[in-house]
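Worksheet: the structure to be examined is printed underneath.
Read-outs: derived from the displayed coordinates by stated rules, not from any lab. What you see is a predicted model, and the numbers here were worked out from it, not measured in a lab. As a convention, Cβ positions derive from the backbone with ideal geometry for all residues, glycine included, and neighbour counts pool all protein chains shown.
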Amino acid sequence: MEKLTTALALQTRLLAVLTTVEQEFRTQSDEQLRWKPAPDRWSIMECLQHLNLAERFYVRNIQHKVDALGLVQTNPVDQTLESDWIGKVLMYAVDPAVKIKVPSPGIIRPRRSTDLNPKEVMDQFVDLQKTLHTLLDKAVYLDWNREKSSTLFGNWLKIRLGDLLQMLVAHTERHMKQAMRVKEAMNATLLQSN
């Protein structure tokens, strides 16, 4: 994969996420956004809050790298992306097509739905996705194979920037699918009760 093509593809995927939020979740009531299919499962709101907690950490790290660029060059240099074992494992763990459940580290587990303000959570989510979309315009000036970022697992475990950007979008898509399954289950429950 090439960096510039990947950056554009990631931006397209982020726009699809934003469209889903606007079309599928903005129209829901607070009660619907907080509805859970089971006591031990997440609501739509909890899915979005989990993404806010995880992505805020990574978006901040990417922002620091972009800010350190200083003067922006006129043409980004393309490159073939290389993944190391850390990137491959983390991307596999968040891949929306993979059915294994990976427990979230405590730091990014959402509070209960009842403790969350749906409008604030959704607005934060949209802001983070838009920020990441914009950062991708500038991140193409960085070396995606050489630049690394800490992970939520600690400073000792670092991920390449290219892997990180792909992982973030895949992680978002994974939990968007989860949120859509919650909405479908809620709608099915409402139909059965009528």
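Cross-link partners of LYS183 among lysines, defined as those whose alpha carbon lies under 25 angstrom from its own and excluding same-chain residues fewer than eight positions apart: LYS36, LYS99, LYS101, LYS119, LYS130.
Within the set LYS3/LYS88; LYS88/LYS158; LYS148/LYS177, which residue pairs have Cα atoms separated by over 21 Å?
Too far apart for the 21 Å limit: LYS148/LYS177.
Kindly express, to the nearest 10 degrees and within the range 0 to 90, the angle between helix 85-94's C-alpha long axis and the longest C-alpha principal axis of the chain. Rounded to the nearest ten degrees, it is 20. Charging the Cβ of each Asp and Glu at -1 and of each Lys and Arg at +1, and nothing else, the dipole of the chain about its Cα centre rounds to 480 debye. Between PHE153, ASN52, HIS175, the Cα set farthest toward the positive side of the dipole of the chain (charges on each charged residue's Cβ, about the Cα centre) is that of PHE153.
Summing +1 for each Lys or Arg and -1 for each Asp or Glu among the other residues whose beta-carbon sits under 11 angstrom from that of ARG26 gives -2.
Give me the net charge of LYS88's neighbourhood, meaning all other residues with Cβ under 15 Å from the Cβ of LYS88; Lys, Arg count +1, Asp, Glu -1. That works out to -1.
Which of the chymotrypsin sites (Phe, Trp or Tyr not before Pro) found in segment 57-166 are loop residues per DSSP with 11 or fewer other Cβ atoms within 10 Å of their Cβ?
none
Estimated from helical segments only, the mean residue ellipticity of the chain at 222 nm is -19500 deg cm²/dmol, where each DSSP H run of four or more residues counts as -39500 (n - 2.57).
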